Amino acid sequence: MIFVGIVFVMVAAVLFEAPFSFGGVIFVGPIPIVLGAGPHSFWAILLAVGLTILGFILFLVLRKRG
């Protein structure tokens, strides 16, 4: 489902020549690498970092309960 969403965004950007932004966080061991490009990349990166922190917190909370 994620792959399909990425394909839709890429096709829409090519066909409609709309400006788009992306941001992401890649973990290599304990070191996060933050990537982003586009006019709204700051907000995309901020959202990616926030979701990464939320996911990490949920992982820790659910791991302690199990």
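Every read-out reported here was derived from the displayed coordinates using simple, explicitly stated rules and does not represent laboratory data. Nothing here was measured: the structure is a model prediction, and the numbers come from that model.
Counting each DSSP H run of 4 or more residues in the chain as -39500 (n - 2.57), what helix-only mean residue ellipticity at 222 nm follows after dividing by all residues, to the nearest 500 deg cm²/dmol? Display every interim value, and only then the final one.
Numbers: 2 runs with 40 residues, N = 66.
About -21000 deg cm²/dmol.
Using a Gaussian network model of the chain whose springs link C-alpha atoms within less than 10 Å, name the residue from LEU15, LEU35, LEU54 with the highest mean-square fluctuation.
Sorting by GNM fluctuation, first place goes to LEU15.
Taking the chain as the reference, fit the longest principal axis to its C-alpha atoms, fit the long axis of helix 2-16 to the helix C-alpha atoms, and give the angle between the two in degrees, 0 to 90, nearest 10.
Compared with the principal axis, the helix lies near 20 degrees.
Using only the alpha-carbon atoms, how far is helix 41-65 inclined from the longest principal axis of the chain? Give it as 0 to 90 degrees, nearest 10.
30
Normalised by the residues of the chain, what does the relative contact order come to in percent, with Cα pairs under 8 Å and at least six apart?
On the way: 57 pairs, mean separation 15.7, N = 66.
About 24 percent, as a whole number.
Looking at the chain from every direction and averaging, what is the projected area of its Cα convex hull in nm²? Mind showing how you got there, number by number?
Values: hull surface 23.1 nm².
The orientation-averaged projected area of the Cα hull of the chain comes to 5.8 nm².
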